[in-house]
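Asker: Structure provided below as structure tokens; questions to follow.
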Amino acid sequence: MRGEPYVTVDPDAETPPYQQIFEQLRVAIERRALEPGDTLPTVRQLAADLGVAPNTVARAYADLQGEGLIVSDGRRGSRVTERSRTIATRARGQALREAADRFIGSLSERGYTRTEIGAALRRLLTEP
């Protein structure tokens, strides 16, 4: 991997190790720390680096492939797809919309109107 984004696994976390790997690599792709064409470590290499079973990494890679973010070339390994930038941009937009909906919903429950929320956000966004 170019730049070698640091992937870790917390064995004490409630999130399963394969999901931790999946999420960290997905975020690296979304933030463009991994660009289209970048290669990922082999399943065996990443498993050894993280101290997890190869099947754990294989499952994370399979999920990333299912999302269209990586493609596997057999023995040549896995790499970030050319489509990943478009997919990641869409995913980031969706995540932002969902976070904004939760934020607005939370403030609406406290009695703020959308007009008040919008005005406050505009002021905050234009402050230096």
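The values are calculated or read from the model by the stated rules, or taken from the named source; none is laboratory data. Nothing here was measured: the structure is a model prediction, and the numbers come from that model. Here Cβ is always computed from backbone atoms with ideal geometry, including for glycine, and neighbour counts include all displayed protein chains.
Asker: Do we find that Val9 is among the aliphatic types (A, V, I, L, M), outside any helix (DSSP H, G or I), outside the structural domain of Ala95 (by TED's automatic domain parsing) and modelled with pLDDT of 90 or more in this structure?
Answerer: Numbers: among the aliphatic types (A, V, I, L, M): yes; outside any helix (DSSP H, G or I): yes; outside the structural domain of Ala95 (by TED's automatic domain parsing): yes; modelled with pLDDT of 90 or more: yes.
Yes, satisfied.
Asker: For the stretch 15-31, which residues satisfy the criterion of being among the basic types (Lys, Arg) and surrounded by 14 or more Cβ atoms within 10 Å (Cβ to Cβ)?
Answerer: Arg26
Asker: What single numbered condition from (1) modelled with pLDDT of 95 or more; (2) in a helix (DSSP H, G or I) fails to hold for Gly111?
Answerer: Among (1) modelled with pLDDT of 95 or more; (2) in a helix (DSSP H, G or I), the lone unmet condition for Gly111 is (2).
Asker: Quick check, is Gly3 assigned to a loop (DSSP other than H, G, I, E, B) and either assigned by TED's automatic domain parsing to the domain that holds Leu96 or modelled with pLDDT under 90 (or both)? Even if it seems obvious, please write down each step before you answer.
Answerer: Values: assigned to a loop (DSSP other than H, G, I, E, B): yes; either assigned by TED's automatic domain parsing to the domain that holds Leu96 or modelled with pLDDT under 90 (or both): yes.
Criteria met by Gly3.
Asker: When the residues of the stretch 32-48 are narrowed to those that are touching a residue at least 40 places away in the same chain (Cβ under 8 Å) and under 17 Å from Thr8 (Cβ atoms), which ends up surrounded by the fewest Cβ atoms within 10 Å (Cβ to Cβ)?
Answerer: Pass one, the stretch 32-48, residues touching a residue at least 40 places away in the same chain (Cβ under 8 Å): 32, 34-41.
Filter once more, so that each one left must be under 17 Å from Thr8 (Cβ atoms): 34, 40-41.
Values: Leu34: 26, Leu40: 23, Pro41: 18.
Only one residue fits best here, namely Pro41.
Asker: Out of the stretch 44-80, which residues are within 15 Å of Gln20 (Cα to Cα) and charged (D, E, K, R)?
Answerer: Scanning the stretch 44-80 gives Asp49, Arg59, Asp63.
Asker: Something else: Could you look through the stretch 62-88, keep only residues that are hydroxyl-bearing (Ser, Thr, Tyr) and touching a residue at least 40 places away in the same chain (Cβ under 8 Å), and pick out the one that is farthest from Gln24 (Cα to Cα)?
Answerer: Checked the stretch 62-88; the qualifying residue farthest from Gln24 (Cα to Cα) is Thr81.
Asker: Quick one: in the stretch 62-75, of everything that is of a type in the set (D, E, K, R) and part of a loop (DSSP other than H, G, I, E, B), which residue is surrounded by the most Cβ atoms within 10 Å (Cβ to Cβ)?
Answerer: Among those residues, the one meeting the criterion is Glu67.
Asker: Quick check on my filter: what residues within the stretch 63-93 are of a type in the set (A, V, I, L, M) and within 17 Å of Asp38 (Cα to Cα)?
Answerer: Leu64, Leu69, Ile70, Val71, Val80, Ile87, Ala88
Asker: Further question: Any residue in the stretch 76-89 that is within 30 Å of Gln45 (Cβ to Cβ), exposed (fewer than 12 other Cβ atoms within 10 Å of the Cβ) and not hydroxyl-bearing (Ser, Thr, Tyr)?
Answerer: Of the residues in the stretch 76-89, the ones within 30 Å of Gln45 (Cβ to Cβ) are 76-89.
Applying the additional criterion that residues be exposed (fewer than 12 other Cβ atoms within 10 Å of the Cβ) yields 76, 82.
Pick out the ones that are also not hydroxyl-bearing (Ser, Thr, Tyr) and you get 76, 82.
Among the residues of the stretch 76-89, at least one is within 30 Å of Gln45 (Cβ to Cβ), exposed (fewer than 12 other Cβ atoms within 10 Å of the Cβ) and not hydroxyl-bearing (Ser, Thr, Tyr), which makes the answer yes.
Asker: Mind telling me which of the residues Arg79, Arg92, Arg59 ends up being assigned to a helix (DSSP H, G or I), assigned by TED's automatic domain parsing to the domain that holds Ala28, closer than 25 Å to Thr15 by Cα and of a type in the set (Lys, Arg)?
Answerer: After applying the criteria, what remains is Arg59.
Asker: Checking the conditions here, which among Ala28, Ala60 is within 18 Å of Thr81 (Cβ to Cβ) and modelled with pLDDT of 95 or more?
Answerer: That would be Ala60, the only listed residue that is within 18 Å of Thr81 (Cβ to Cβ) and modelled with pLDDT of 95 or more.
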